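The values are calculated or read from the model by the stated rules, or taken from the named source; none is laboratory data. What you see is a predicted model; the values in this text were computed from it and never measured. Cβ placement follows ideal geometry from the backbone for every residue including glycine, while neighbour counts extend to all protein chains displayed. Side chains included, ligands, DNA and RNA excluded: accessible areas come from the protein's heavy atoms. Shrake-Rupley method; radii C 1.70, N 1.55, O 1.52, S 1.80 Å.
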Amino acid sequence: MTTYLNADLHCHSVVSDGTLSPEELAARAKANGVELWALTDHDEIGGQHRAAAAARAQGMAYLTGVEISVTFADTTVHIVGLGFDPDNTQLAEGLAATRGGRGERAKDMAEQLAQVGIKGAYEGALKFVGNPALISRTHFARFLVETGVCKETSEVFRKYLTEGKPGYVPHRWASLGDAVRWITQAGGMAVIAHPARYKFSANEEFALFSEFKTHGGRGVEVVTGSHSAAEYVTYAAMAKEFDLAASRGSDFHSPDESHTDLGTLPLLPGALTPVWELLSNRVQPAH
């Protein structure tokens, strides 16, 4: 497998906060020319066997995937895991513990929204959830759009559910070390997801990358749906500086909400080591 591979190693299904099934995502990825695919649901690996089977049925190579929420410097950071054993007990138990706080947090979010006149948000958000243990801000956002409170989900996050706005309730996630350890001991590789999204200072970002490496993290998303062309260049340089492999993924959630479709990103810059080269023995072949 070469650098110049249409790999999409970051997307979400109904198992977390996407709107398509693993099978529908696999078909969409294949139709868009994806050659290597990973489903990376939030804090949940329950869709992995379905996704691997769907990739096989489409004649597409597959890597197991997950996106784990961690708290770092009082900020929620996402760590993608790739190529792990989906039946690893410690990984499953760690993810279950991380998910545990979502239900209570969701009820607190609904209570805050009720205080500003938006009633029934918890029940409304639940309608959009395939898995109640994984209720998230995205589901609340869909409820606020459906009920006409906001026109689109981007407006929701300007007015609600973010720090300082109604409906914002912080969640203490796993630690960075926990997440990297769960992925690594399950045979996988830990990757920092969409680093430009965190709005860290240069010092905080350096601390994130340094600590991530210390715990055994080995990759970073360079080309991703939320990065600009300039940010591809920035994080290609960071990958080289920290000797990290580079990953690529759309972060696709839904045909109606995601501005980057599966398989449509530019290719990785050639001077980088792609994560799939280091995970070649973990890739499930196309046939």
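For segment 200-211, which residues satisfy the criterion of being under 25 Å from Ala229 (Cβ atoms) and touching a residue at least 60 places away in the same chain (Cβ under 8 Å)?
Selection gives Phe200, Glu204, Leu208.
Keeping to segment 239-274, report how many residues are closer than 11 Å to Ala7 by Cα, without any contact (Cβ under 8 Å) to a residue 60 or more places away in the chain and buried (at least 18 other Cβ atoms within 10 Å of the Cβ).
Counting residues in segment 239-274 that are closer than 11 Å to Ala7 by Cα, without any contact (Cβ under 8 Å) to a residue 60 or more places away in the chain and buried (at least 18 other Cβ atoms within 10 Å of the Cβ) gives 0.
Restricting attention to segment 155-199, which residues are touching a residue at least 60 places away in the same chain (Cβ under 8 Å), in contact with a helix residue (DSSP H, G or I) (Cβ under 8 Å, 6 or more places away or on another chain) and on the phi > 0 side of the Ramachandran plot?
Selection gives Gly187 alone.
Give segment 217-238 a look and list any residue that's within 13 Å of Pro266 (Cα to Cα), hydroxyl-bearing (Ser, Thr, Tyr) and open to solvent by 20 Å² or more (accessible area, probe 1.4 Å), or say none.
Ser226, Ser228, Tyr232
For residues in segment 41-56 being in contact with a strand residue (DSSP E or B) (Cβ under 6 Å, 6 or more places away or on another chain) and among the small types (Gly, Ala, Ser), which is surrounded by the fewest Cβ atoms within 10 Å (Cβ to Cβ)?
Checked segment 41-56; the qualifying residue surrounded by the fewest Cβ atoms within 10 Å (Cβ to Cβ) is Ala52.
Say we look at segment 198-231 and pick out the residues that are aromatic (Phe, Trp, Tyr) and outside any loop (DSSP other than H, G, I, E, B); which of these is nearest to Gly263 (Cα to Cα)?
Per the criteria, the residue is Tyr198.
Can you run down the residue pairs with Cβ atoms below 8 Å, 6 or more apart or on separate chains, where the first is in segment 26-55 and modelled with pLDDT of 95 or more and the partner is part of a strand (DSSP E or B) and open to solvent by 40 Å² or more (accessible area, probe 1.4 Å)?
Listed pairs, sorted by first residue: Ala52/Gln284; Ala55/Gln284.
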